[in-house]
Amino acid sequence: MYFSHTRCVHLSVFCCTLCSLCVLCDLFSSIGGAIKPVVTFTPNWRNILEDDDVTLTCDVPSTVPEEPRTYQWYKDKRPIPGDQQRLHIIRSSVEEDRGDYQCQTIGGDISDPVFLNVIYNFVILQRPPSAIYEGDPLTLRCHSGILYDAINTKFYKDDQEIKSSESDSTFHIPNITRSQSGRYKCTKQLQLQLLNESNVVERSDESFISVKEIKRRKLVVKTKDFHSRHSELFSPPEIKVPPSRVIEGDEMTVRCDTRLDPLRGGTELHFAFYRDGRTVRGYDVSDTYRVPSSQLEDSGNYTCEVRTASGTVRKMSDGLYIQIYDYMIMQNIIRLVISGFVLSAAVCFTYFHNKW
């Protein structure tokens, strides 16, 4: 098989046109990937009593927090009404509201399921929905329904009393250790109205609290190692810069991308950014560093560090070199590419017009 000279010319022109289109697309497109959202609860309890109120929030890390989004909610993998970031459950029901909840933005990834346990009982021991790791603060609450007057709350660990209070229904541990794993129980004295008589009865609930060890290991994690990544508090961070090319004078947005363990959605992370080893922004709750009008001297090797609020867990990203392109040079390149594209298109049009 062979090609005539005319076919070769046609093929070359066609390829040049395609190349011009690809260069233009590459120059003006932003590189972005789907970001997996996380479902969190407010109040932050994994178990609630029937008739309690709770708000579920679909948290999506973003370089542009103000961008409008449409959300889809799921319960037990079935779509449910609601297209906003927050899903409000008023006067919860065991049958209707208990289950696994997920959310996603239209066109984005779906979150991992988070279980909301709605219970019919007099008293429950409430704990956060996230996994508990050594060094974490932990708050437990002995919760009773609003229809009863509750007094004299007591907390126990492995049947040993650890706190008693007439008015405070919470028990707080600032920095939990693995030795504090165990069976926790709380009791309340409830005043019940039965047949016009007031009776005081004691009700209790218990839960096993397992404190996990923080695994300190190298930050190099294979992307295929799904179980390894999800056993950590948060994944190794990665520097991301949309768009792929930053031109002098443009706003530069650098994001420190990490994924928090879905079972620990309430954990607060802090982010810091560095250029060539020097701090350009100290620790802050925002995962984004912005330069409103980038200059050539903003070019450099960028890294970011993520840590928990207590500083017990820290992870540093690999470096990413960000080149700020000279405005005039980029303008000339764009003019050349556009001129080449127009010329190639004109030649293609003339060729096919004359042929047909």
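The values are calculated or read from the model by the stated rules, or taken from the named source; none is laboratory data. For clarity, every value in this text was computed on a predicted model and none was experimentally measured. Every residue, glycine as well, gets a Cβ built from its backbone with ideal geometry; the counts of neighbours run over all protein chains shown. Ligands, DNA and RNA are excluded from the accessible area calculation, which covers all protein heavy atoms including side chains. Shrake-Rupley method; radii C 1.70, N 1.55, O 1.52, S 1.80 Å.
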- Query: Restricting attention to region 142-165, which residues are under 21 Å from Arg183 (Cβ atoms), open to solvent by 70 Å² or more (accessible area, probe 1.4 Å) and touching a residue at least 40 places away in the same chain (Cβ under 8 Å)?
  - Reply: none
- Item | Criterion violated by Glu67 - all others in (1) open to solvent by less than 40 Å² (accessible area, probe 1.4 Å); (2) over 17 Å from Ser111 (Cα atoms); (3) modelled with pLDDT under 90 satisfied | (1)
- Does Pro237 qualify as being at pLDDT below 75, open to solvent by less than 30 Å² (accessible area, probe 1.4 Å), of a type outside the set (Val, Ile, Thr) and in contact with a strand residue (DSSP E or B) (Cβ under 9 Å, 6 or more places away or on another chain)? no
- Task: Having 1 or more residues that are more than 18 Å from Arg46 (Cβ to Cβ) and open to solvent by less than 70 Å² (accessible area, probe 1.4 Å) is the bar; report the strands (runs of 3 or more DSSP E) wholly within region 75-139 that clear it.
- Result: 78-80, 99-105
- Residues of region 166-191 that turn out to be under 15 Å from Arg203 (Cα atoms) and surrounded by 14 or more Cβ atoms within 10 Å (Cβ to Cβ), as a count: 8
- Search region 24-64 for residues being among the small types (Gly, Ala, Ser) and open to solvent by 70 Å² or more (accessible area, probe 1.4 Å), and hand back the single one that is modelled with the lowest pLDDT. Ser30
